Amino acid sequence: MRGVTMEREYTSALKAGRKQYRQSVSRGESPYLPILDDIIPENKAYSRVDLGLVQIPVEFIAGTKTAGRTTSFARNFMPIADEYSEFAQKWERLCASHLKEGIRDPVKVYEYMNRYYVEEGNKRVSVLKYFGAVTIAANVTRILPERDGSREVEIYYEFTEFYKYSRINFIEFSKTGSYRKLLNYLGKGPKDIWTEEEGRHFATVYYLFKKAYTDAGGEHLRSTVGDALLVFLDFYGYTSLDNVSRQDMQWMLFRIWKEIALQQEEEPLAVKLDPEEKKKKIIPSIRVLKKQKAAFLYRETPETLGWSNQHELGRRQVQKKFGDRIETISCMHVEKNSTEEAISAVIEQGATVVFATATEMNEGCLKAAVKFPEIPILNCSLNTPHRYIRTYYPRTYEAKFITGAIAGAICEEQKIGYVCKYPIYGNIAEINAFARGVQMVNPRAKVYLEWSSVNGGIGPTTEKLKSRGISLISFRDDVKRKKWEQPLFGLTYVKDGDILPMALPVWNWGRYYELILESILNGTFQSEDEKTNRSLNYYWGMSAGVVDMIYAERLPKGVRYMAEVLRKAVCTGICRPFYNPETEDGGRINWETMNHSLRVEDVINMDYLEENVVGAIPRYDELDEGSKEIVDITGIEQVKKDLR
């Protein structure tokens, strides 16, 4: 005899199952449970690991191991068998047992890519899913996929390493390196064994956050709850989740929601290659009409650090250019941990726009931007996407391409040195652009790459190149060393005690700041933000006048002429450093395809070296401690993966 209550419960579950069935059919997918035996490719080898009895998250139970009972369930594990079937009666008895004393017998599942497929206990899973259970006891066998280098598999292996020490299986991420980030926020090492109390506390915190995130609309985002939690922890810290009320949690999420939504973007960065042109008939807002006050933040004083000196010259150029329309102030000795405080201080002094000139200030900029959403805050960095701040950086690889062509034309030994400090975004593109310039005019020449952050500084690195018979060397551009040191920058001959500069790429920060501030005054800065949900990164180059070249008088006239032709070709877009034109019969270049080039996103994310480069990208553990701080923020993935 069927109980009325249990019959009602089955009818409700059946309704949910049939609704899911119709939705699956309309989407053109199988309406039944996924089958693990159909998912795992037969031609690959897999190893199995017995995990024993484990509490597994019910939401991660995705299907069945074999095809046996799959047609009795829709894809959401809700039943689709007729109400008067034998299956329905068994489901109802399990339902009654669950409501009376709970389902105690563990199910048997296989775990593959952090999803569970049931071998025994499909109806038990169905009942528990229907009643909204969070976890279920299961005997788990893990199936490890072959490591093929794909992002999904790499993330999974990072999860298995995380699970080994934490026994946490309910949090997942969409980006590599995220489990390491989580451990850093929790103050734990990658091989620290979690106590049961730590695991229970994290579970409580996680599900509290998940509820608030879902209520805020997070289920409609393509990113994971874990992705959002990392953003939250970055802003507020782990201890902020202790004893926080539901209302406070919702407010905290609201303040950073744009940053959370950014995590769902496959390409979160919107790269702007040229300044936005002012549109006609723009009606300035009241805020734009008032006098602007721009604050510039430096790590060191202009007298002790060339990088600060160049930005300070830019600030002075801005002050001279705009006169009474814009006031400027500067703040020295701003470190990573004091950035947020420094920004708050300059805003209290009336700053209406803030330029943080060092990459290390990025995190502090982000936190300050959430506190002061009405104040534009910009950080001088590349490929550090955040929704609340904008970043800016010069497209210096264009100048490096021209410098490489000059080096290829004047080198005598067919060997050219290249000194780079650390493997961060942009630097690899500069190396490769230089190498392409060399190869264009001198296919036989090689570029010998050395890293000053590995060899103990500029001096030892230079000596290492000189010991290989190399005297023509490309150093860091437009940034002098500390005032008591011998300046080594640009393309320079270093031989027999002589230092002879030949060509120098120039970073025109004054021009950069002029263009940004002009866009704030005329309203285009504000309108740019309304056109995208992605992070804005200004990556301007020669065409905008923010990158240029200087040639020494000793450089042969013909070589200078060649360099100027290339410079104008780059400025107009006729020539691009990472060109990839097609060739016609007879080897002639197809002029119509001359502008075929790598996407700018691929240029920024380069993690390889051109064939004519002799050298390698260093490992993380080879870098000096000061360089690791920068690499942690904006290092290329190939190097940062060593941290995972």
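Could you list, in sequence order, the residues of the stretch 334-376 that are acidic (Asp, Glu), modelled with pLDDT of 95 or more and surrounded by 16 or more Cβ atoms within 10 Å (Cβ to Cβ)?
Matches in the stretch 334-376: 340 only.
Which of the residues belonging to the stretch 606-644 are in contact with a Phe, Trp or Tyr (Cβ under 7 Å, 6 or more places away or on another chain), in a loop (DSSP other than H, G, I, E, B) and at pLDDT 90 or above?
615, 618, 623
Identify the residue in the stretch 15-42 that is polar (S, T, N, Q) and more than 20 Å from residue 67 (Cβ to Cβ) and, among all such residues, is surrounded by the fewest Cβ atoms within 10 Å (Cβ to Cβ). Quick ask: steps written out before the conclusion?
The initial filter retains those residues of the stretch 15-42 that are polar (S, T, N, Q), namely 20, 23-24, 26, 30.
This time we only want the ones that are more than 20 Å from residue 67 (Cβ to Cβ), so: 23, 26.
Values: 23: 14, 26: 9.
Of everything passing the filter in the stretch 15-42, 26 is surrounded by the fewest Cβ atoms within 10 Å (Cβ to Cβ).
Just to check your reading of the model, which residue among 181, 175, 164 is loosely packed, with under 12 Cβ neighbours inside 10 Å and either closer than 30 Å to residue 46 by Cβ or in the same structural domain as residue 48 (by TED's automatic domain parsing) (or both)? Break it down stepwise before answering.
Details: 181 fails: loosely packed, with under 12 Cβ neighbours inside 10 Å; 175 fails: loosely packed, with under 12 Cβ neighbours inside 10 Å.
So the residue among 181, 175, 164 that is loosely packed, with under 12 Cβ neighbours inside 10 Å and either closer than 30 Å to residue 46 by Cβ or in the same structural domain as residue 48 (by TED's automatic domain parsing) (or both) is 164.
In the stretch 155-184, which residue that is in a loop (DSSP other than H, G, I, E, B) and of a type in the set (Gly, Ala, Ser) is nearest to residue 638 (Cα to Cα)?
Kept after step one, since they are in a loop (DSSP other than H, G, I, E, B), are these residues of the stretch 155-184: 167-177.
Those left that are additionally of a type in the set (Gly, Ala, Ser): 174, 177.
Details: 174: 17, 177: 11 Å.
Ranking the qualifying residues of the stretch 155-184, first place goes to 177.
Let me confirm something: among 137, 81, 133, which residue is among the hydrophobic types (A, V, I, L, M, F, W, C), out of contact with any Gly (no Cβ under 7 Å at 6 or more places or on another chain) and assigned to a strand (DSSP E or B)?
Numbers: 81 fails: assigned to a strand (DSSP E or B); 133 fails: assigned to a strand (DSSP E or B).
The match here is 137.
Exactly one of these conditions fails for residue 189: (1) modelled with pLDDT of 95 or more; (2) among the small types (Gly, Ala, Ser); (3) surrounded by fewer than 16 Cβ atoms within 10 Å (Cβ to Cβ). Give me its number.
All conditions are met except number (1).
Assess whether residue 402 counts as being touching a helix residue (DSSP H, G or I) at 6+ places or on another chain (Cβ under 7 Å) and more than 28 Å from residue 626 (Cα to Cα).
yes
Taking the conditions exactly as written (modelled with pLDDT of 85 or more, crowded, with 17+ Cβ neighbours inside 10 Å and assigned to a strand (DSSP E or B)), does residue 235 satisfy them or not?
Values: modelled with pLDDT of 85 or more: yes; crowded, with 17+ Cβ neighbours inside 10 Å: yes; assigned to a strand (DSSP E or B): no.
Against the criterion (modelled with pLDDT of 85 or more, crowded, with 17+ Cβ neighbours inside 10 Å and assigned to a strand (DSSP E or B)), residue 235 does not qualify.
The values are calculated or read from the model by the stated rules, or taken from the named source; none is laboratory data. Predicted, not measured: the structure shown is a model, and the values here were computed from it. Cβ coordinates were reconstructed from backbone atoms using ideal geometry, including for glycine residues, and neighbour counts include every protein chain displayed.
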